[in-house]
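Reviewing the structure listed below.
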Amino acid sequence: MLALKKEQFSPETSRIDKPQPANGLQHGVLSPLETLAQSIAGIAPSATPGMLIPIVFSFAGNGTWLSYLLATVGILFTAQCINEFASRSACPGSLYTFVNQGMGKRAGMLTGWALLFAYIFCGAACVVEFALYANSLVKHCIHIDVSSQIMMLLSSFLVGFVAYKNVKLSASLMLKLEILSVGLILLVVALTLGRYGFSPDWSQLGLQGVKFENVRMGLVMAIFGFVAFESAASLGTEASQPLKTIPRAIMQSVIFSGAFFIVGSYAMVMSFHDSPIALDKCSTPLLSMSTKVGIPLLGHIIDAGIMVSFFAAGLANLNAGARALFKMSQDGLLHNKLGDCHLENQTPHIAVFMSSAISLTIALGLSIFNFPLMDIVGWLGTLATFGFIFAYMSTSISAAKLLQRTKQFSPLKVVTVCASCAVLTFAFIGSLYPLPAFPYNILPLIFGAYMLSGLVYLKRLELS
């Protein structure tokens, strides 16, 4: 039977009295910058300009930058709730462990169940997105068509191998890939702003033609662009000085990505003011921007950068998901083999293999029915977002319980928790109303059925 007792906290130190046991992973090998790379790669900021900003624009128009500004502020509240735990304890379980500490093991198990769903489906979306961009580049550069399934297999194999081999290699590679991609996009943004003499775009700053409803719908989609920002918390064992570096990484990833989204969306909307094709109708917006500033080749290089960014994002989700699976296994919630650690690499190799195999199976399973790859990405990303919202909401409520228990629930922290819950509720409701068309209208039912299976599984564990 599960032991459903609460963890003990010390009000004086706000630290968990119970020490975290050794678990076979490497200890303290990741620098602060490498820890930050995990959360940055999880967000995959360089992928947003090419895929998500045009969607936000379709709702918010000239208010696109405002939607991203409000989303950044809202996610910062959620990040602060997560950091109430990340600054007190460190282990691979991430939000699963945090909710355990705040609301007990039943709530913790359901949070871990939702988090596994989120990381696996997000990883599957990254596999498909990598194949989408890889196919486009191969066709453009060497004029041959390659099966999407082959690209998915290649992506999954490479991501799985790096995650299996070495966590420091993973972090270093993610950092370099994301810096390259973001740097190239910022270059295009700077050239675009320079093309207009860095003059203010009053149609955007004055919110010309924008209504509250436009910003509200854009906000929902903008929030989706931040999911997996918390993934650095899964490196609690492997990060150096985790009680300091992980909270900083979580906050810095949101601030950096939010600023990048705000400036990037502002420049993109400005660039398309005089374009015959609207931003939300253009399939290659960054290539169009590069052409306007006289460097079309840069657009193709950026597409290559976005492709490798999806590789980094897939690696970040695999690292985080495997460690959540690893920790839940060590806690007796899943098969004990998933809690094994490779003796030489000191990575959760069985959990890595299982997470990667499930993500690949989902991606391949949908692709063999010849659904458009962009549609598959939308479905998988939406399903993953439901899992993240559930986990973030649980963690925010758990933060309130923790702060009450330690007598640190100040008025400012009450506002932080309430704001986090409000933003997450708003995002969830916004994804359901108005009721989307098929198959988006059944995706919440799929997630609900999955969570119900978690409840049934938990009940069986308690009765065994």
So what is the relative contact order of segment 313-457, in percent, for Cα pairs below 8 Å that sit 6 or more residues apart? 16
Determine the shape class of segment 43-201: with a ≥ b ≥ c the square roots of the Cα gyration tensor eigenvalues, call it rounded for a/c under 1.5, and otherwise prolate if a/b is greater than b/c, oblate otherwise. oblate
Inter-label distance, nm, simple model (7 Å from Cα along the C-beta direction), L452/K244: 4.9
Within straight cross-link reach of K165, meaning Cα distance under 25 Å, which lysines are found once same-chain residues fewer than 8 apart are removed? K176, K327, K337
Residues with amide H under 5 Å of L30's amide H, sequence separation 5 or more or different chain, H placed in the peptide plane at 1.01 Å from N; which? A239, S240
Candidate aspartates and glutamates - alpha carbon under 20 Å from K281, same-chain residues fewer than 8 apart omitted: E129, D303, D375
Phi angles of segment 257-270, converted by Karplus (6.51 cos²θ - 1.76 cosθ + 1.60, θ = phi - 60°) into ³J(HN,Hα) in whole Hz with x for Gly and Pro, give 5, x, 4, 4, 5, 5, 5, x, 5, 4, 5, 5, 4, 4
Using Cα-Cα distances under 8 Å and only pairs 6 or more residues apart, what relative contact order does segment 246-364 have, in percent? 12
Evaluate the relative contact order of the chain (contact order divided by residue number), counting alpha-carbon pairs under 8 angstrom at least 6 apart; express in whole percent. 34
For a quick protection proxy, order the peptides 405-416, 90-101, 119-130, 347-358 by their average other-Cβ count within 10 Å, most packed first. 119-130, 90-101, 347-358, 405-416
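Computed from the coordinates by the stated procedures, all read-outs in this text should not be read as laboratory data. What you are looking at is a predicted structure, and each value in this text was computed from that prediction instead of being measured. When we count neighbours, we look across all protein chains shown, and the Cβ atoms used for this are built from the backbone with ideal geometry, even at glycine.
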